[in-house]
1. In whole percent, what relative contact order does the chain give with Cα contacts below 8 Å and a gap of six or more residues?
2. Which whole-Hz couplings ³J(HN,Hα) result when phi for each residue of region 45-60 is put into the Karplus expression 6.51 cos²θ - 1.76 cosθ + 1.60, θ = phi - 60°, listed in order with x for Gly and Pro?
3. Report, as a whole number in µm² per second, the diffusion coefficient that Stokes-Einstein gives for the chain at 4 °C and 1.567 mPa s using the Kirkwood radius over alpha carbon pairs.
4. Sort Ile105, Ile17 by Cβ crowding within 10 Å, fewest neighbours at the top.
5. Nearest 5 is fine: what % of DSSP beta bridges in the chain come out antiparallel, could you say?
6. Given 25 °C and 0.890 mPa s, compute D for region 45-95 with the Stokes-Einstein relation, Rh being the Kirkwood radius over Cα pairs; round to the nearest whole µm²/s.
7. Taking amide hydrogens as modeled 1.01 Å from N in the peptide plane, which residues meet the under 5 Å criterion relative to Leu71, leaving out close sequence neighbours?
8. Give the whole-number value, in cubic angstrom per residue, of the convex hull volume spanned by the C-alpha atoms of region 72-142.
Amino acid sequence: MPERRHARGLVDTSVVIDLDRVAVQSLPREVAISVITLAELAAGPAATDDLEERARRQDRLQRAEATFDPLPFDAEAARAYGRVYAAVARAGRKARGRRMADLLIAATAVSARLPLYTRNPKDFAHLEKIATMVPVDVHPSG
């Protein structure tokens, strides 16, 4: 069976967090992240009081910074966010608060015309008409 991977794709924060457990074959050949993912990763160490977890999160942030050149959230992404917001609001879902980062990442993918790889496809429900979502599974731990 021929390989059916996208040439390039944007992975969301959930994929970056579990990157060590994701099968390479389930990712695009060239992986990109959004600057929004980098912001979420930067907030991670400050969001826990557990020293071991803080160290893990800091390591994850440093590896992401060393590995990826994040796509910017620019004017085109801001316009795409308007479409993403409208699609979610039309479906009766909230497009604010905690979900906003996910939707900003989706808008980055839309503006860059890239499929969005995620561990949490339900977070992007109702965006099927404007974005290509690719669910990603991880190998079980252990």
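Quick note: the coordinates plus some simple rules give every number you see, no bench work behind them. None of the values given here were measured: they were computed from a predicted structure. Positions of Cβ are backbone-derived with ideal geometry, glycine not excepted, and every protein chain shown enters the neighbour counts.
1. 31 percent
2. Each residue of region 45-60 in turn: x, 6, 8, 9, 9, 6, 5, 5, 5, 4, 5, 4, 5, 5, 4, 4 Hz.
3. Answer, rounded: 83 µm²/s.
4. Ile17, Ile105
5. If I count the DSSP bridges inside the chain, around 10 percent turn out antiparallel.
6. Estimated diffusion coefficient is 176 µm²/s.
7. HN-HN under 5 Å from Leu71: Ile33, Ser34, Val35.
8. 99 Å³
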